[in-house]
Amino acid sequence: MMKPLLFFLPCLVFVWVFYPLQAQEKTEFTIPEPKKQALAPDKPEAPPRQFRGLSLGQSLDDLKKALAKDGIFSFRGDRDVSFVPVREETLVETTGLSYIRRAYFQLHGGAVFIMAFTMDTRFIDHYSVFTSFVKKYGQPRILTPTESVWETDDTRVSIERPLTVKYIDRKVFDSLLEESKTQEKFELFAREEFINDF
């Protein structure tokens, strides 16, 4: 009499523990999707032509004054300024403090047409700068693994990896590019003419 009871006891325990679990109504769980936040504004601003009082189109004197006045740069005056006679361009290169490692300015015709700021990635990261740009200026027009670009007819601003923010006056840059192409064509033509003289 005892043996059948011992046999059924584990079966009863099994049924008592696991049957209610099987008998429960199956409930489906769905994981809610995270809310998608619109990072870019509805009406983005145009890409900027200035940064901290430094701007495209600025004269050399105004640039030197702005750099000397801003405590984030270690501007040393004329020692940081050089002239490239072949291209009739002026270059200004200075070091920065904290967030900016180096700053570069290229002038043509006495006015700034390129500004580039190389950041110190120990203190500031690519994602933070990119996110700030998107919040103000919308999604970039060009997005590649190496750079993000915002453009208008007269301005091009890019964030290049690892972390350099570059401002370009497109009208001046494009005209210099066209002059360069014309010069290359002329030199190629002159070379061909010279060879034909043999």
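Laboratory data are not the source of any read-out in this text; all were calculated from the coordinates shown. Everything numeric in this text was worked out from a predicted model, so none of it was measured. A quick note on method: Cβ atoms are made from the backbone with ideal geometry, for glycine too, and the neighbour counts reach across all protein chains shown.
Length gained on full extension, V84 to T144: 18.4 nm, using 0.36 nm per residue less the C-alpha separation.
Within the stretch 50-179, how many Lys pairs sit with Cα atoms under 24 Å apart, leaving out pairs fewer than 8 places apart on the same chain?
Working: K64/K166; K64/K171; K65/K166; K69/K166; K135/K166; K136/K166; K136/K171.
Counting lysine pairs in the stretch 50-179 gives 7.
Counting charges near F83 (Lys, Arg +1; Asp, Glu -1) among other residues having Cβ under 15 Å from its Cβ returns a value of -3.
Between the beta carbons of T121 and F173, assuming R0 = 30 Å, the FRET efficiency works out to 0.65 to the nearest 0.05. The modelled label-to-label distance for the pair E93/E151, using points 7 Å beyond Cα in the direction of Cβ, is 2.8 nm.
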